[in-house]
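All of the numbers you see were taken from the coordinates with simple rules; none came from a lab. Computed from a predicted structure; not experimentally measured. Using ideal geometry, Cβ is built from the backbone for each residue, glycine included, and neighbour counts are taken over all protein chains shown.
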Amino acid sequence: MDTQQGAARIVVGLDGSPSSQAALRWAVRYAGLVGGQIDVVTAWEIPGEASWSAPAADGEFDQEDAERRLVEEVRTVLGREAGAADAGPPVHERVVHGHPAEVLVEASEGADLLVVGSHGRGAFRRALLGSVSQQVTQHAACPVTIVRQDLSGT
């Protein structure tokens, strides 16, 4: 991956949710202020793959299609045209196999900031389900910013 020498590296977890899209917009604004670059990371895993409760589903995963959809989502969220040179800080997209929290913690190695969205599920559901944002705040190798859903749409 090409990185600008000396530029702040900001990792953003994107999962298609409104809160993760708000996190991407926030990170791009921040990167513009500090002269940084954005690494957008999406994690995928087969449902049940790491669970004892059910056998892993045998599904076909198309890495190229997932990468294409990630690039399209980033462009849509940021309102960028393909190849736009003056659209703001550099953005790099990656689709990685693994549990989202583990993938993001690994991606935080060497980063200046990790930005994730908060689904706002509340304490009871978070205790039952676990929370990616909670896990990355405890284990990331860099500071973490958690962004709530952007209700204004900007």
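Pull out the extension gain between Asp62 and Glu109, defined as 0.36 nm times the separation in residues minus the alpha carbon to alpha carbon distance; nm, one decimal.
Result: 14.2 nm gained on full extension.
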Expressed in nanometres to one decimal, the distance between label points 7 Å along Cα→Cβ at Thr76 and Thr137 is 2.9 nm
